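Okay, so here's the structure we're looking at.
Read-outs throughout are calculated quantities, based only on the coordinates presented, and are distinct from any laboratory measurement. All values derive from a computational prediction rather than experimental measurement. Glycine gets a Cβ as well: all are built from the backbone with ideal geometry, and neighbour counts include every protein chain shown.
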Amino acid sequence: MSIDSLIDPHQGNPDSIRAEHALVIALKEAEHRPFVEQRFPEAASRVTYWHVDDIGFAHSSIALAMIDEHVGQLISTLRLPASR
C-alpha cells in the first residue's frame, strides 16, 4: 500500500491519514520517519517503524525474510487478548 492510499480523499486534505487505519507500518525508519513526522504529524504516533533495507542495500532474500519475521510477530501480537 502506498502512502497516498492512506490519505482520506473525502476530507479533501492530502495531509490527513484515514482515521480507520489503526496501524500504519513503514518498512525503513530512517527513510520514512522524517517524511511521516513532517507530512502527517497527527498520525506519527500510530506508525510502527521496521528496519528493513531497500533491495539496493540488502539482498532481496534478506529483506523478504526480515519482512516475513516482522509480519509473523505482528500476527502474534494481534492474536493476543486485549489488555483491560
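Miscellaneous remarks
- Neighbour counting of Cβ atoms within 10 Å sorts the residues His70, His51, fewest neighbours leading, into His51, His70.
- Note on the stretch 19-51 and the stretch 53-80: Cα centroid distance 17 Å, given to the nearest whole angstrom.
- Global form of the stretch 22-84, assessed from the alpha-carbon gyration tensor, a/c cut-off 1.5: oblate
- Ascending count of other beta-carbon atoms within 10 Å, so fewest first, for Leu23, Leu74: Leu23, Leu74
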